[in-house]
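Chemist: So that we are looking at the same thing, I have put the structure below in structure tokens.
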Protein chains: 2
Amino acid sequence: MPQFINTKQNLVTEAIDGMLRTAGGHLARLDGYPHIRVVVRTDWDKSRVALVSGGGSGHEPAHAGFVGKGMLTAAVCGDVFASPSVDAVLAGILAVTGTAGCLLIVKNYTGDRLNFGLAAERARAFGLKVSMVIVDDDIALPELPQARGVAGTLFVHKIAGALAEAGEDLDAVTQAANRVIDNVVSIGMSLDTCTVPGSPKEDRIAKGKAELGLGIHGEAGIEQVSFTNAKDAMAMVVDRLANHINAGSIVALLNNLGGATLLEMSVLAEELMKSDLGRRIHFMVGPASMMTSLDMRGFSVSLLPVSNGDEVLLKAPVDPWAWPPCVNVSGVNVLELPDGLTPIKPMPSQNPKTAAFLIRCCDAFIAAEADLNALDAKSGDGDTGSTLAGASRAMKGAIDRLPLADLTQLYRAIGQELSQTMGGSSGVLLAIFFSAVGDAASSGLNVVDALKAGLDRVQQVGGASAGDRTMIDALAPALDALPNGISEAAKAARTGADYTANITKAKAGRASYISEDKLKGHNDPGAEAVARLFETLDDYLKG
Amino acid sequence: MPQFINTKQNLVTEAIDGMLRTAGGHLARLDGYPHIRVVVRTDWDKSRVALVSGGGSGHEPAHAGFVGKGMLTAAVCGDVFASPSVDAVLAGILAVTGTAGCLLIVKNYTGDRLNFGLAAERARAFGLKVSMVIVDDDIALPELPQARGVAGTLFVHKIAGALAEAGEDLDAVTQAANRVIDNVVSIGMSLDTCTVPGSPKEDRIAKGKAELGLGIHGEAGIEQVSFTNAKDAMAMVVDRLANHINAGSIVALLNNLGGATLLEMSVLAEELMKSDLGRRIHFMVGPASMMTSLDMRGFSVSLLPVSNGDEVLLKAPVDPWAWPPCVNVSGVNVLELPDGLTPIKPMPSQNPKTAAFLIRCCDAFIAAEADLNALDAKSGDGDTGSTLAGASRAMKGAIDRLPLADLTQLYRAIGQELSQTMGGSSGVLLAIFFSAVGDAASSGLNVVDALKAGLDRVQQVGGASAGDRTMIDALAPALDALPNGISEAAKAARTGADYTANITKAKAGRASYISEDKLKGHNDPGAEAVARLFETLDDYLKG
């Protein structure tokens, strides 16, 4: 799988620089490229306890994305899935630590422990107060006391960050961090492995399986389980967590491991809340990509019982955008549908002349059915005639229900009828046309101007203009000529319709996808229908 | 590719409910499932112009993720990649529109235009003021005037949203939306297609190729181009955009189409800023997933020239977390490395007795090289002896540079030497041990307590305890016995080391991965080394 990178060697430094440019100016890096990759706050005066975390890259936005007021003071970034060097960690500590001291938040991996640990010693030799906590929230390997540190680490960043920001001292911040570590539990599930830059993708998850208890460095899960759907997947995850979580109300962190879609993550959020632990989950962080494993199509759930005061710490505002707000989980708020979805039926009224006129129009379309179908077959699926004829037959059948004595109401009623009886784009566009004509008429425009207002609306919604090989090519000139009488309008419509046979580069509608030679010499069926309508009316009104 | 969903039919409704539960209580939906899927603000009093957008699902967080104060008032969600129905749009309009009216922000797809257009007509029939704008920011198809609406739509949401929030009237909001639409340009590039739920994934992009000018519904790009790296990919995208963007300073929206990693997106941000248009880009939104195409591994860039007042509108705070802050783009802020990374060399000093003692220790390890290697071969790569012997030889060579007359300084100096000359975890752990002993000694502890403090630190960082089959099993009892003399300490170390032959379930270090029968009967090489050291010292001090 190719990726949007340049070289594997420069991947992390280029990504950090890109991140810094788009961080709004609150972040900087130390001048230690390529080996020392440390992101620090620029709005930091060393007056409080500094929080330094980090580890391998490939977990973005962790860790650099969480540097900022209220969370980390510095992030030390290793290569993808590789611990940063002792020198890099030391540089991070020295850059941000003042007399209040520094807490190192380290995920439980040997390389991180050792390198952060030795850097801490070297920093202490300078007289700095440095404490270190080891996060081991992963419950996937219950037989190993050396549990890994995964996304639950973010609760440590947040709660320790809020306390440090509030001016608590190093002991208090360290104690709080350890309290979180003692109580937070996490586990992940994945449907696909991740793509490590420069390496072929491992294809180890069998069809119909998911991995449960995987690591954030692409490590295999502790077991492959059957995968059926989101509900069962979340139930399995919750079942494992339930054995390890202490009592009380819970904050959940729902983490995208990188490759799940946002649709999937929202479904998983829904299943988490509907799960056996759902009633205890009062607060939620995410779903969001927070501690990823590159592009792994998976998720993890981290749970922390919420002690006194934690709610305030979890919700304290922070600068880093990568931290989603910690919100109160709510039920699904459902509002009643508004009135007005069922169209108000117009009061029928009589007008024999109007009825006869309307029936004549309908008959014109019915008579033209075969011809219009034939024309449409040149550029589409050959149903324009049948569509119009069908709507016309329905209109004739509905004639007694129409408000024939009130022209304004009639336009709207015709629009409503067409929206219900005429399929396809043309049905919608004609419904829009008549509704808009009705609006215009009700605001006092004369018939011609009202019809033109309808045409304008159709052009806006449909996106076609004159010359685009649509019914507009006949309708627009017909309406322009209409003040000079129906005969002039019919002539103009015919000229316009016939002209469409020369338009071979359609810009809108279905004909835009058809090759030029197939269109040449054939009128557009919509324009032809309009021309025939006006010609029929001309005959009718003359007769 | 399996996905974390339940059924295709319920995917969108379940995802919306999950999103609502985790939105902090500011959002609701209308009671119209399964067909009417409308997300609305709950903190909305209809006093201002309402903004309604929507379209097919599969573009999350668009559109529901942008509902909230300062952006959309309602989002109407269709099925995946399918336009919502007229009734659904109408329900959305009716639910949120007051006397100030409503602006429909519609992306340029026939289904959306028609359904939003007809819903607008039906809403107008109720006397509501409704205007509609069509976003067509995609420049991928320059020969077609019917450009698609893609991620640039978000600029319309943001700028119109800020104006509506500020109390501007419908005409002003509509005008501003149209101004944005006239000026915003977008194009996307992808390395892989998206996985539509329930459909097999199309595998149409050849190896070494990328698609340029794809759509957000998985439509193929207008061309397949050669893909080499992120730099060239971004250069190509910028080159296309440059032909369409008006003069002036620019805000860029860098959108993840769903499947690119955050590392890749940051590299692309860096390349965008280093591109030919980089100097003109003064503001940035993202990189982030904003208008996705499910899990498509691709990105899009949307550019908008920033007119007077736009900066304020773009930066106005909003409720929806899905909107990343619009930030001023900056150069990469680089801070000098802190002092202290190069360890201060201790001042050498003489003490023949200490020198002789130290040399004796080194010789003990050198003599044990072969035996320790043999033991290590039972559980590892057989180099413990060589590692210790190598470090010992280096230490002997460095003896004249050590501060032999100052014990506190000497501990630290030994730690520093070991961190430079001894590889592997054990080198780091011994360096930590001696540094911590030096710290403890400098704070006034006696030798035994200082050594114990070092051991504590090693246990914290290394994670091993007594009984874990490590050097601690010899060192801890030896230090406990040391107050009774070196002979007692040596005996205790020997007992501890021999006991490790019975420990077959290692909990830390490399031996934790070795099967029990391979460990049984063999001392841990680290513990054995400690025992030999104490035995040697016992002989030496007696002699």
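The values are calculated or read from the model by the stated rules, or taken from the named source; none is laboratory data. Worth saying up front: this structure is predicted, and the values here are computed from it rather than measured. Here Cβ is always computed from backbone atoms with ideal geometry, including for glycine, and neighbour counts include all displayed protein chains. With ligands, DNA and RNA removed, areas are computed over all heavy atoms of the protein, side chains included. Shrake-Rupley method; radii C 1.70, N 1.55, O 1.52, S 1.80 Å.
Chemist: Just checking, which of B:245, B:222 is open to solvent by 10 Å² or more (accessible area, probe 1.4 Å) and under 11 Å from residue B:277 (Cβ atoms)?
Modeler: Of the residues listed, the single one that is open to solvent by 10 Å² or more (accessible area, probe 1.4 Å) and under 11 Å from residue B:277 (Cβ atoms) is B:245.
Chemist: Give the residues of region A:188-219 that are of a type outside the set (Val, Ile, Thr), open to solvent by 20 Å² or more (accessible area, probe 1.4 Å) and in contact with a strand residue (DSSP E or B) (Cβ under 9 Å, 6 or more places away or on another chain), sorted by residue number.
Modeler: Those that are of a type outside the set (Val, Ile, Thr), open to solvent by 20 Å² or more (accessible area, probe 1.4 Å) and in contact with a strand residue (DSSP E or B) (Cβ under 9 Å, 6 or more places away or on another chain): A:192, A:198, A:204, A:206, A:208, A:209, A:217.
Chemist: In region B:138-151, how many are farther than 16 Å from residue B:220 by Cα and at pLDDT below 95?
Modeler: Qualifying residue count, region B:138-151: 3.
Chemist: Can you say whether residue A:251 is touching a residue at least 60 places away in the same chain (Cβ under 8 Å), in contact with a His (Cβ under 8 Å, 6 or more places away or on another chain), open to solvent by less than 10 Å² (accessible area, probe 1.4 Å) and assigned to a strand (DSSP E or B), as far as the supplied structure shows?
Modeler: For residue A:251, the condition - touching a residue at least 60 places away in the same chain (Cβ under 8 Å), in contact with a His (Cβ under 8 Å, 6 or more places away or on another chain), open to solvent by less than 10 Å² (accessible area, probe 1.4 Å) and assigned to a strand (DSSP E or B) - is met.
Chemist: Another question, if that's okay. Across region B:71-91, what is the total count of residues that are among the polar types (S, T, N, Q) and either touching an Asp or Glu at 6+ places or on another chain (Cβ under 7 Å) or under 16 Å from residue B:130 (Cα atoms) (or both)?
Modeler: Narrowing region B:71-91 to residues among the polar types (S, T, N, Q): B:73, B:83, B:85.
Still in the running and either touching an Asp or Glu at 6+ places or on another chain (Cβ under 7 Å) or under 16 Å from residue B:130 (Cα atoms) (or both): B:73, B:83.
Of the residues in that region, 2 qualify.
Chemist: So residue A:85 clears everything in (1) more than 7 Å from every other protein chain (Cβ to nearest Cβ); (2) of a type outside the set (Val, Ile, Thr); (3) surrounded by 24 or more Cβ atoms within 10 Å (Cβ to Cβ) except one condition, right? Which one?
Modeler: Unmet condition: (3).
Chemist: When you scan region A:498-510, do you find a residue that is open to solvent by 10 Å² or more (accessible area, probe 1.4 Å), farther than 24 Å from residue A:380 by Cβ and within 14 Å of another protein chain (Cβ to nearest Cβ), even just one?
Modeler: no
Chemist: Just to check your reading of the model, which residue among A:262, A:341 is closer than 27 Å to residue B:195 by Cβ and within 10 Å of chain B (Cβ to nearest Cβ)?
Modeler: Values: A:341 fails: closer than 27 Å to residue B:195 by Cβ.
Result: A:262 is the single residue among A:262, A:341 that is closer than 27 Å to residue B:195 by Cβ and within 10 Å of chain B (Cβ to nearest Cβ).
Chemist: Of all residues in region A:1-57 being outside any loop (DSSP other than H, G, I, E, B) and hydroxyl-bearing (Ser, Thr, Tyr), which is surrounded by the most Cβ atoms within 10 Å (Cβ to Cβ)?
Modeler: Among residues in region A:1-57 that are outside any loop (DSSP other than H, G, I, E, B) and hydroxyl-bearing (Ser, Thr, Tyr), the one surrounded by the most Cβ atoms within 10 Å (Cβ to Cβ) is A:53.
Chemist: Of everything in region B:514-535, what is in a helix (DSSP H, G or I) and more than 18 Å from residue B:384 (Cα to Cα)? Give them in sequence order.
Modeler: B:516, B:517, B:535
Chemist: From the residues in region A:303-327 that are surrounded by fewer than 16 Cβ atoms within 10 Å (Cβ to Cβ) and not small (Gly, Ala, Ser), which one is nearest to the other protein chains (Cβ to nearest Cβ)? Give the derivation first.
Modeler: The initial filter retains those residues of region A:303-327 that are surrounded by fewer than 16 Cβ atoms within 10 Å (Cβ to Cβ), namely A:308-309, A:312, A:317.
Right, trim to not small (Gly, Ala, Ser) and you get A:308, A:312, A:317.
Working: A:308: 22, A:312: 16, A:317: 11 Å.
Among those residues, the one meeting the criterion is A:317.
Chemist: Considering every residue within region B:425-446, establish whether at least one is of a type in the set (Asp, Glu), assigned to a helix (DSSP H, G or I) and away from every other protein chain (no Cβ under 11 Å).
Modeler: no
Chemist: Continuing with the same structure: Could you grab me the full set of residues in region A:272-294 that are over 30 Å from residue A:1 (Cα atoms) and either surrounded by fewer than 24 Cβ atoms within 10 Å (Cβ to Cβ) or not assigned by TED's automatic domain parsing to the domain that holds residue A:150 (or both)?
Modeler: A:273, A:274, A:275, A:276, A:277, A:278, A:279, A:280, A:281, A:282, A:283
Here's the yes/no breakdown for (1) at negative phi; (2) open to solvent by 40 Å² or more (accessible area, probe 1.4 Å):
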| residue | (1), (2) |
| --- | --- |
| A:392 | yes, no |
| A:407 | yes, yes |
| A:420 | yes, yes |
| A:431 | yes, no |
| A:440 | yes, no |
| A:444 | no, yes |
| A:448 | yes, no |
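Chemist: Looking at region B:357-371, is at least one residue surrounded by fewer than 18 Cβ atoms within 10 Å (Cβ to Cβ), touching a helix residue (DSSP H, G or I) at 6+ places or on another chain (Cβ under 7 Å) and among the acidic types (Asp, Glu)?
Modeler: Looking for residues that are surrounded by fewer than 18 Cβ atoms within 10 Å (Cβ to Cβ), touching a helix residue (DSSP H, G or I) at 6+ places or on another chain (Cβ under 7 Å) and among the acidic types (Asp, Glu), one finds at least one in region B:357-371, hence yes.
Chemist: Oh, and also: Among the residues of region B:447-471, which ones are among the acidic types (Asp, Glu) and outside any helix (DSSP H, G or I)?
Modeler: Taking region B:447-471 as the starting set, the residues that turn out to be among the acidic types (Asp, Glu) are B:449, B:456, B:468.
Once the filter is applied, which keeps residues that are among the acidic types (Asp, Glu) and outside any helix (DSSP H, G or I), region B:447-471 yields only B:468.
Chemist: Among the residues of region A:124-146, is any within 37 Å of the chain's Cα centre (by Cα) and among the aromatic types (Phe, Trp, Tyr)?
Modeler: No, region A:124-146 contains no residue that is within 37 Å of the chain's Cα centre (by Cα) and among the aromatic types (Phe, Trp, Tyr).
Chemist: Can you give me the number of residues within region A:86-99 that are under 38 Å from the mean Cα position of the chain (by Cα) and without any contact (Cβ under 8 Å) to a residue 60 or more places away in the chain?
Modeler: 3
Chemist: With the structure loaded, tell me whether residue B:273 is out of contact with any Asp or Glu (no Cβ under 6 Å at 6 or more places or on another chain) and under 16 Å from residue B:187 (Cβ atoms) or whether it fails that test.
Modeler: Numbers: out of contact with any Asp or Glu (no Cβ under 6 Å at 6 or more places or on another chain): yes; under 16 Å from residue B:187 (Cβ atoms): no.
Taking the combined requirement at face value, the residue does not satisfy it.
Chemist: Filtering region B:109-138 down to residues that are part of a loop (DSSP other than H, G, I, E, B) and more than 7 Å from chain A (Cβ to nearest Cβ), which residue is surrounded by the fewest Cβ atoms within 10 Å (Cβ to Cβ)?
Modeler: Taking region B:109-138 and keeping what is part of a loop (DSSP other than H, G, I, E, B), we get B:109, B:125-129, B:136-137.
Narrowing the set further to residues that are more than 7 Å from chain A (Cβ to nearest Cβ) leaves B:109, B:127-129, B:136-137.
Details: B:109: 22, B:127: 8, B:128: 18, B:129: 18, B:136: 26, B:137: 30.
Looking at the filtered set, the residue picked out is B:127.
Chemist: From B:154, B:214, B:191, grab the single residue that is among the hydrophobic types (A, V, I, L, M, F, W, C), over 21 Å from residue B:246 (Cβ atoms) and at pLDDT 95 or above. Steps first, please.
Modeler: Values: B:154 fails: over 21 Å from residue B:246 (Cβ atoms); B:214 fails: at pLDDT 95 or above.
One residue alone meets the criteria, B:191.
Chemist: Name the single residue that is most open to solvent (accessible area, probe 1.4 Å) among those in region B:148-187 being within 12 Å of chain A (Cβ to nearest Cβ) and touching a Phe, Trp or Tyr at 6+ places or on another chain (Cβ under 8 Å).
Modeler: Applying the filter and picking the extreme gives B:148.
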